[in-house]
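Below is one structure, written out as structure tokens, with a few remarks after it.
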């Protein structure tokens, strides 16, 4: 945890002890607006964690890679940067998808099977405007780290072998 995160944690603790925004702002030499923003971001993250926990529990329980999940909630539940989440949502919205399955997610990140060669341009998500290779790899690594369900993990391992060829090529 860096110094900024430690400071924000202390600010949240004081606010939870009913200190006013004004008093906390004065203590940390911040504007009241900054303190409000820190608290707002904290409550948003707390809500995301709760949704993530519930959604991932349901995904693990179903162990079904074809079952559809609410796209915005699912994307927000992944531990991705704001940029990566926005680009993923934009990609699925551009394909009129309000719900996605784990298979659809893997398909959007994987080179298409009809391609003879494993290349970036054969990956559907790469065609999303402003999605750079760095963001693509962030998403790939996030899915590799995230424990969704056994069926997903087994399939993702197979696809990841193919995806890793992009690094070698």
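So here's what we get for this one:
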read-out: Virtual spin-label span in nm between residue 129 and residue 73, 7 Å along Cα→Cβ; value: 3.1 nm
read-out: Whole-number D in µm²/s for the chain (Stokes-Einstein; Kirkwood sum over Cα pairs; 10 °C, 1.306 mPa s); value: 87 µm²/s
read-out: Computed [θ] at 222 nm, helices only, for the chain once each DSSP H run of length n ≥ 4 contributes -39500 (n - 2.57); value: -21500 deg cm²/dmol
read-out: C-alpha center-to-center spacing [segment 56-90, segment 9-52] in angstrom; value: 27 Å
read-out: The chain: relative contact order as a whole-number percent, Cα under 8 Å and 6+ apart; value: 20 percent
read-out: For segment 1-62, Kirkwood radius (reciprocal of mean inverse C-alpha pair distance, Å); value: 13.0 Å
read-out: Segment residue 45-residue 165, length gained on full extension (0.36 nm per residue, minus Cα span); value: 39.7 nm
read-out: Extension gain (nm, one decimal) between residue 86 and residue 22, 0.36 nm per residue minus Cα-Cα; value: 19.8 nm
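A short reminder: the numbers here are calculations on the coordinates, not readings from a lab. Model, not experiment: these values are computed from the prediction. We place every Cβ from the backbone using ideal geometry, glycine too, and count neighbours over all the protein chains shown.
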